[in-house]
1. Would it be correct to say that Thr343 is more than 16 Å from ligand 2 (Cβ to nearest atom), among the β-branched types (Val, Ile, Thr), modelled with pLDDT of 95 or more and part of a strand (DSSP E or B)?
2. Out of all the residues in the stretch 119-127, is one or more under 27 Å from His259 (Cα atoms), assigned to a strand (DSSP E or B) and in contact (Cβ under 8 Å) with a residue 24 or more places away in the chain?
3. List every residue pair whose Cβ atoms sit under 8 Å apart, with the two residues 6 or more apart in sequence or on different chains, where the first one lies in the stretch 161-186 and is without any contact (Cβ under 8 Å) to a residue 40 or more places away in the chain and the second, anywhere, is more than 16 Å from ligand 2 (Cβ to nearest atom) and assigned to a strand (DSSP E or B).
4. Name every residue in the stretch 154-204 that is more than 12 Å from ligand 1 (Cβ to nearest atom), within 26 Å of Thr243 (Cβ to Cβ) and not in a helix (DSSP H, G or I), in order of residue number.
5. Checking Leu315 against (1) touching a residue at least 60 places away in the same chain (Cβ under 8 Å); (2) within 23 Å of Ser107 (Cα to Cα); (3) in a strand (DSSP E or B): exactly one of these is not met. Which one?
6. Identify all residues within the stretch 51-100 that are over 29 Å from Val195 (Cα atoms) and of a type in the set (Asp, Glu); write none if there are none.
7. Filter the stretch 207-227 for residues that are charged (D, E, K, R) and assigned to a loop (DSSP other than H, G, I, E, B); which is modelled with the lowest pLDDT?
8. Any idea which of Pro136, Pro71 is of a type outside the set (Lys, Arg), in a loop (DSSP other than H, G, I, E, B) and surrounded by 14 or more Cβ atoms within 10 Å (Cβ to Cβ)?
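The values are calculated or read from the model by the stated rules, or taken from the named source; none is laboratory data. A quick note: this is a predicted structure, and the numbers were derived from the prediction, not measured. Every residue, glycine among them, receives a Cβ derived from its backbone with ideal geometry; neighbour counts consider all protein chains shown.
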Amino acid sequence: MKTVKVLAFTSLFWLCACEKTEPELAVFKEQMFVMGTIIDVSIYGESEKKSQKMFHDLLKDFKYMQASWSPTRKGGLRRLNGLIALESPFTIGPGIKDMIEHSTQLSLQSEGLFNPALGKLIKLWKFSQEELPKGPPPAADAINKILAGNPKMTDLVITGLILESRTPDLAVDFGAYAKGYGVDKAIEYLKSQGVHNAIINAGGDLRAIGSKGKDAWHIGIRHPRENWAIASIKIQADESVFTSGDYERFYEYEGKRYHHIIDPRTGYPADQSTSVTVLHHNAAIADAAATALFVAGPKDWQRIAKKMSVTHVMLIDKNGKIFLTPEMQERLQFTQPESLDITVVSH
Ligand code: AMP
Ligand code: MG
């Protein structure tokens, strides 16, 4: 694989030297497995050597983020949750402070449907662990006990770098947000290195900048129930596309599907949507909003999207009915539009 790429770059050099025409550059493509997913890094218009170096820097960064933000691995977030339980103020790092503040704001906008303070509930469902859980689902009593405590991000009070929690019954889980935040950091790094054209694709959730030469980056969106792309989208300049789906992490128990996106109102997996895709320039916002709108479902998503200032949305409900904002309709190319039930609704 590596040899092929080196050869491609060598022949490019000869093309440039002999023909003096605009060379058709190769896309540098490598992947890593980190934060529970495969992260594809694609870079266009840079040398092989520089791209390799940047890829290795990103690999180190993502490993660091994985250790810092995992609720189960030994690191920053586990420390934070452990100290919250001890009920006295403590110092936090400036990085995690930014994440808490930003996600608190998003949680408020989402009317608490995106609620990273529900770490205890997500742990109870065993969706915070890396391996996929098996049934049975948790006991109703245990779920209700956590919900009765009503943990919310505004219970975390930050003064300078000192954090105090109003309740010990709260744990932070950034599962619906950290991937987006990490992708934003990775794109920031590439931009700082002078890169204009790249994609960081974390298991289908991505942020892309620039283009692939004359062609735009093309992104496929997975059908929630079939193994093909329901639609594709052409990226313009600098955009993120994030999808929350009930097919991503789930188990079946006694014929019922239990997936990883929990409705904070009921304590159970949200059951009105199968997939929500959000397009936004910021990956962290796209990530949080996709989760929030999935929970909101076909009745409430428009109100929540408005509050979160998200304009490009596709929601597929449990019956396969597709809802689009007009802005999203303009951008999507459906693979088999004649076989789909599509409604465009303004927000
Ligand atoms: P996503 O795939 O981005 O929708 O995020 C799902 C992950 O976020 C789950 O695996 C949980 O770790 C966490 N999570 C589940 N439900 C919620 C929720 N309502 N609010 C915030 N985080 C959640
Ligand atoms: Mg999310």
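1. yes
2. Let us first name the residues in the stretch 119-127 that are under 27 Å from His259 (Cα atoms), namely 119-127.
Add one more test, that the residue is assigned to a strand (DSSP E or B), and what stays is none.
Scanning the stretch 119-127, I find no residue that is under 27 Å from His259 (Cα atoms), assigned to a strand (DSSP E or B) and in contact (Cβ under 8 Å) with a residue 24 or more places away in the chain, so the answer is no.
3. Here the result reads Arg166/Leu156; Arg166/Val157, each pair linking the stretch 161-186 to a residue that is more than 16 Å from ligand 2 (Cβ to nearest atom) and assigned to a strand (DSSP E or B).
4. Selection gives Val195, His196, Asn197, Ala198, Ile199, Ile200, Asn201.
5. That leaves (1) as the condition not met.
6. Glu87
7. Here the residue is Lys214.
8. Pro71
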